[in-house]
Amino acid sequence: MKPKAGDKVKITTSDGEFEGIILPRPELLSQDITVLKLKTGYNIGIENKKIKKMIVLEEYKTPVLKAKKLKPKADLPTVAILSTGGTISSRIDYRTGGVYADYSAEDFVAMCPELEEIANIKAAKVMSVMSEDAMASDWVKMAEEVLKVINEVDGVVITHGTDTMHFTSAALSFLLKDLNKPVVITGAQRSIDRGSSDAFMNLICAVTAAAKWDGAGVVVCMHGTMSDEFCNLTRGTKVRKMHTSRRDAFRAINDEPFAKVFTDGKIEVIKEDYAKRNSGKTSLRELEPRVAMVYIYPDMDPGIIDYHLKEKVHGLVIVATALGHVPTNNPKSLIPALQKAAKKIPVMICSQTLYGRVHPYVYANLRKLSMEVGATYLSDMLPEAAYSKLMVALKQKDAKEFMLTNIAGEISSREVDDCFLI
Ligand code: ASP
């Protein structure tokens, strides 16, 4: 039998004997080397020509988790966990070296027995995607699944990839109309099979929030600091992944988190300007996915706007510079192309600075864009929120009016400067 990645082997070489797990060889590494993960956790490379003997001690098998039968407890709230994929649902496959999405919500409960003490868990696997692959149709599917269970539970947790979690949290905030309970989205920066995984704490805090936070609406629950102190509960339309890998990557922008959630069940409210749980009827809005988002940069080709028009997008979000500028007074002015676009479809302006508000009148160039082009300025709305909101707005009677109406806290009415870089 030829040893393969994932197998536990004993290798005899001229330098001695080594026992460990064969790792897949990174593409850049020479073909003549076998990489072994030793018991100590260190990886070593052994030149194949030095190997005298290699015996397989244990063949690699993809681990299968035994999902646990869950027994309901009368005194506990009920929480539905809907799993959608991402790192929180993943483990390393030693055969390929890749991370793959696989764990379902039942598996989480099997792996994290604390959850059963917090709530009676109903679990469903909605999809299994890495969130960079998520499509607008997936947001619709998630919203539909929430609606299916919302009246039977005290709150819903969605486990999700972190890359585009803030797109989903915003999209669900607009798709779920009059949400009467919390929908708490969580994920992990490190997969569950690693000692340093943040998955368990994020899950415990998310289930705690879904079970007993007194608010209604879509929130993100992720690590509040680099260590395991607490998770932040942040408004779905005002949160953003701000770091590639830190556990505390998710930050409130132009806003503060609503609350800190601790693993012992404590919820410490930071600010209480959220809708409360209620007995209203939640329903679904629809979306039109043909919306494009264009990031503005110096010397860009105005043909990019024409391209989107040719592709028949129904709405455009311009992620402009600072107060809401686009190149205006130079040979590559975007104004003619945007003017053409705005005659056919709604053109929305938000800022790539993320913090602060766009403003249509401060400079002459801004006035050109707002008055001559007819672009709509979205105050302090985040680009990701504007993107999914425009999809939903296109299904409303008056898209522009919907965009300028505060639906889910995406437009702050108060001073936002005290929340800068917190
Ligand atoms: N790329 C993964 C995803 O967004 C990363 C993660 O889940 O943290 O699905």
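A single member of Ile150, Ile204, Ile158, Ile121 is within 13 Å of the chain's Cα centre (by Cα) and under 15 Å from Leu82 (Cα atoms), and it is Ile158. Of the candidates Glu19, Glu27, the single residue that is over 23 Å from Ile192 (Cα atoms), modelled with pLDDT under 90 and exposed (fewer than 14 other Cβ atoms within 10 Å of the Cβ) is Glu27. Consider Glu144 carefully, then state whether it is out of contact with any Asp or Glu (no Cβ under 9 Å at 6 or more places or on another chain) and modelled with pLDDT under 95. No; evaluated as a whole, the condition is false for this residue.
Applying the criterion of at least 3 residues that are at pLDDT 95 or above and crowded, with 20+ Cβ neighbours inside 10 Å to the helices (runs of 4 or more DSSP H) found wholly in region 284-388 leaves 335-344. Of the residues screened, Ala216 is not one that is among the small types (Gly, Ala, Ser), in contact (Cβ under 8 Å) with a residue 24 or more places away in the chain and within 16 Å of the ligand (Cβ to nearest atom). In this structure, Ala211 qualifies as farther than 18 Å from Glu229 by Cα, hydrophobic (A, V, I, L, M, F, W, C), more than 10 Å from the ligand (Cβ to nearest atom) and in contact with a Ser or Thr (Cβ under 9 Å, 6 or more places away or on another chain). Scanning region 182-191 for residues that are within 16 Å of the chain's Cα centre (by Cα) and either of a type outside the set (Lys, Arg) or modelled with pLDDT of 95 or more (or both), we see that the one that is farthest from the ligand (Cβ to nearest atom) is Val183.
Reported count of residues in region 177-191, each being touching a Leu at 6+ places or on another chain (Cβ under 7 Å) and among the aliphatic types (A, V, I, L, M), is 1. Scanning region 252-271 for residues that are in a strand (DSSP E or B) and either surrounded by fewer than 23 Cβ atoms within 10 Å (Cβ to Cβ) or modelled with pLDDT under 95 (or both) turns up Ala252, Lys260, Ile267, Glu268, Val269.
Residues that are among the small types (Gly, Ala, Ser) and touching a Lys or Arg at 6+ places or on another chain (Cβ under 6 Å) occur at least once in region 243-258.
At least 2 residues being within 16 Å of the ligand (Cβ to nearest atom), buried (at least 20 other Cβ atoms within 10 Å of the Cβ) and in contact (Cβ under 8 Å) with a residue 40 or more places away in the chain is the threshold, and among the helices (runs of 4 or more DSSP H) wholly inside region 74-181 those reaching it are 105-111, 136-149, 165-175.
Selection within region 192-207: residues that are at pLDDT 95 or above and among the aliphatic types (A, V, I, L, M). The member of this set that is surrounded by the most Cβ atoms within 10 Å (Cβ to Cβ) is Ala206. For region 404-422, the criterion of being touching a Pro at 6+ places or on another chain (Cβ under 7 Å) and buried (at least 19 other Cβ atoms within 10 Å of the Cβ) is met by no residue. The residues of region 217-251 that are of a type in the set (A, V, I, L, M, F, W, C), in a loop (DSSP other than H, G, I, E, B) and closer than 26 Å to Arg357 by Cα, listed by number, are Met242, Ala249.
The values are calculated or read from the model by the stated rules, or taken from the named source; none is laboratory data. As the structure is a prediction and not an experimental result, all values here were calculated from the model. Methodologically, a virtual Cβ is constructed for each residue, glycine included, from the backbone with ideal geometry; neighbour enumeration extends over all protein chains shown.
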